[in-house]
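A.B. asks: Just passing along the structure, written as structure tokens.
Laboratory data are not the source of any read-out in this text; all were calculated from the coordinates shown. Just so it is clear, the structure is predicted and the values come from calculations on it, not from any experiment. When we count neighbours, we look across all protein chains shown, and the Cβ atoms used for this are built from the backbone with ideal geometry, even at glycine.
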Amino acid sequence: MIVFPQVPLAAFIRIDKRKAGRDFFQNSYRWQNRIGQQRVDFLVCDPTTMNPVVAIELDDPSHDNNDARGRDDKKDKSLRDAGVRLIRWRVEMMPVESDIRASVML
């Protein structure tokens with residue numbers, strides 16, 4: 001696996017033209033604008049295809065307020081809609097290396 005830090009969602013998520021239908025350009029602009037400033041802390045990719053395997057977010061106490069939760073919900077939805085698995089870990093309870101490897105390989 002290859003791990004990339006601080007990857008913008010727009011770098012690895014693309015809008016599905018079939019789902020966007022005839023309003024592709026309008027929907028594409030709106031969608032791109034929605035994810036334009038969002039990043040994942042780490043993106044794990046298959047080394048052969050470079051396709052995303054899993055996105056990882058490290059949540060600290062700054063994620064505990066309503067504004068941050070709203071941003072996290074938008075990011076979660078964008079990744080879910082794109083079919084990219086997301087793992088969130090609290091920095092206060094980081095797993096050990098073997099647990100990280102096991103979680104990523106699911």
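A.B. asks: Arranged from highest to lowest average of other beta-carbon atoms within 10 Å per residue, in what order do the peptides 79-86, 60-67, 97-104 appear?
C.D. replies: Averaged packing, sorted descending, gives the order 79-86, 97-104, 60-67.
A.B. asks: Another question, if that's okay. Can you list residues from other chains, or at least 5 along the same chain, whose modelled amide H is less than 5 Å from the amide H of Arg90?
C.D. replies: The list, which skips near neighbours in sequence, is Asp59.
A.B. asks: Let me ask something else about it. What spacing in nm lies between the two simple spin-label points modelled at Ala68 and Glu97, each 7 Å away from Cα in the Cβ direction?
C.D. replies: My value for the distance between the label points is 2.9 nm.
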